[in-house]
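Engineer: Input: one structure, supplied below.
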Amino acid sequence: MIQSRRNEDMSAEGQLACFLDEYLYKRFPHKDAFSQIERIYDRAEQLAGVDVRFTGVDGRVYHVDEKAQLYYLNRDLPTFAFEVQFLRRGQEICGWLCNDSLKTDLYLLIWPFAAQDSPQNIRAEQFTRLDCLLVEKKRLLAMLAREGLTPERLLREARQHRQNGHTGKIVIDGVSGIYYYVSDIEKYAEAPINVVIAKDRLLRIAQRRYIVTKEGVEVP
């Protein structure tokens with residue numbers, strides 16, 4: 001089903017990709033709907049927000065961006081963080097959530113569990129369980145827009161928080177289950193500003209949920 005070569009990337013992301021290829025995509029629960037599931041290795045495509053390409057039996061192509069909370073292994077956080085803005089050599093750069101030039105159609109949001117609590121030097125076989133939500137990017141942006149949180153507003157307020165020197169959690173007035181988190185530039189060179197969304201809100205808009213283990217894929 002999946003067309004993939006051995007991923008020799010020893011990073012945590014690369015090893016997680018190996019686990020996904022073996023234990024999710026090879027036995028994808030809805031594989032009858034797709035003629036091909038392909039891991040993308042082209043760097044330009046990856047930078048354009050494409051980790052995996054699904055091709056439906058009708059010929060339609062879906063570009064999937066895998067996003068995993070690898071630095072929160074085994075934490076089962078009740079939220080997921082989406083990048084609004086970050087710094088590159090001191091310049092403000094539009095984050096992947098608000099970047100409309102990316103090809104991403106779907107996010108695979110991943111809460112990972114493993115035999116160790118740090119992603120450092122982790123190997124694919126050490127992952128034990130992945131809680132995954134497949135979320136359409138358009139649907140996610142529409143949910144935010146219903147709260148008045150358009151990409152334009154997110155970027156504008158991110159800039160204001162950065163200019164004002166704010167850090168940490170910032171509540172959004174009148175909005176439940178969504179807030180900003182501004183990273184401290186003293187701790188993180190890229191100092192990302194994220195919009196953090198409660199998992200229960202994401203569950204309401206997800207296309208599918210997959211619980212992936214070596215034993216099988218559960219679709220709750």
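Engineer: Among the residues of region 100-118, which ones are part of a loop (DSSP other than H, G, I, E, B) and under 16 Å from the mean Cα position of the chain (by Cα)?
Structural biologist: ASP100, LEU102, LYS103, THR104, ASP105
Engineer: Restricting attention to region 53-86, and to residues there that are of a type in the set (Val, Ile, Thr) and closer than 28 Å to TYR181 by Cα, which single residue is nearest to the chain's Cα centre (by Cα)?
Structural biologist: Only one residue tops the list, namely VAL64.
Engineer: Also: Determine whether region 182-189 contains at least one residue that is in contact with a helix residue (DSSP H, G or I) (Cβ under 7 Å, 6 or more places away or on another chain), under 24 Å from TYR62 (Cβ atoms) and among the hydrophobic types (A, V, I, L, M, F, W, C).
Structural biologist: Within region 182-189, not a single residue is in contact with a helix residue (DSSP H, G or I) (Cβ under 7 Å, 6 or more places away or on another chain), under 24 Å from TYR62 (Cβ atoms) and among the hydrophobic types (A, V, I, L, M, F, W, C).
Engineer: Right, another one. Within region 40-50, is even one residue under 25 Å from LEU203 (Cβ atoms) and touching a residue at least 40 places away in the same chain (Cβ under 8 Å)?
Structural biologist: Yes, region 40-50 contains at least one residue that is under 25 Å from LEU203 (Cβ atoms) and touching a residue at least 40 places away in the same chain (Cβ under 8 Å).
Quick grid of which residues meet (1) crowded, with 16+ Cβ neighbours inside 10 Å; (2) among the hydrophobic types (A, V, I, L, M, F, W, C); (3) in contact with a strand residue (DSSP E or B) (Cβ under 8 Å, 6 or more places away or on another chain):
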| position | (1), (2), (3) |
| --- | --- |
| LYS137 | yes, no, yes |
| MET143 | yes, yes, no |
| ASN194 | yes, no, yes |
| LEU202 | yes, yes, yes |
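Engineer: Applying the selection to region 88-99, what residues are at pLDDT below 95 and assigned to a loop (DSSP other than H, G, I, E, B)?
Structural biologist: ARG89, GLY90
Engineer: Sort out which residues of region 12-29 are exposed (fewer than 14 other Cβ atoms within 10 Å of the Cβ) and not in a helix (DSSP H, G or I), and write them in order of number.
Structural biologist: PRO29 - this is the single residue of region 12-29 that is exposed (fewer than 14 other Cβ atoms within 10 Å of the Cβ) and not in a helix (DSSP H, G or I).
Engineer: Go through region 65-87 residue by residue and tally those that are surrounded by 13 or more Cβ atoms within 10 Å (Cβ to Cβ), aliphatic (A, V, I, L, M) and assigned to a loop (DSSP other than H, G, I, E, B).
Structural biologist: Residues that pass the stated criteria total 1.
Engineer: Given LEU73, LEU20, LEU109, which one is under 21 Å from VAL217 (Cβ atoms), in contact with a Cys (Cβ under 8 Å, 6 or more places away or on another chain) and of a type outside the set (Val, Ile, Thr)?
Structural biologist: LEU109
Engineer: Inside region 160-184, can you point out the residues that are surrounded by fewer than 15 Cβ atoms within 10 Å (Cβ to Cβ) and either touching a residue at least 60 places away in the same chain (Cβ under 8 Å) or at positive phi (or both)?
Structural biologist: GLY165, GLY168, GLY174
Engineer: May I pose another question? Part of a strand (DSSP E or B) and within 28 Å of TYR180 (Cα to Cα): does that describe ILE37?
Structural biologist: no
Engineer: Look at THR104 and say whether it is in contact with a helix residue (DSSP H, G or I) (Cβ under 6 Å, 6 or more places away or on another chain) and of a type in the set (S, T, N, Q).
Structural biologist: yes
Engineer: Further question on the same structure: Every residue in region 41-52 that is part of a loop (DSSP other than H, G, I, E, B), under 30 Å from TYR180 (Cβ atoms) and not hydrophobic (A, V, I, L, M, F, W, C), please.
Structural biologist: Answer for region 41-52, where residues must be part of a loop (DSSP other than H, G, I, E, B), under 30 Å from TYR180 (Cβ atoms) and not hydrophobic (A, V, I, L, M, F, W, C): GLY49, ASP51.
Engineer: So ARG129 clears everything in (1) surrounded by fewer than 20 Cβ atoms within 10 Å (Cβ to Cβ); (2) touching a helix residue (DSSP H, G or I) at 6+ places or on another chain (Cβ under 9 Å); (3) in a strand (DSSP E or B); (4) not acidic (Asp, Glu) except one condition, right? Which one?
Structural biologist: ARG129 satisfies every listed condition except (2).
The values are calculated or read from the model by the stated rules, or taken from the named source; none is laboratory data. Owing to the predicted nature of the structure, the values given are computational and were not obtained by experimental measurement. Backbone-built Cβ (ideal geometry, glycine too); neighbour counts: all protein chains shown.
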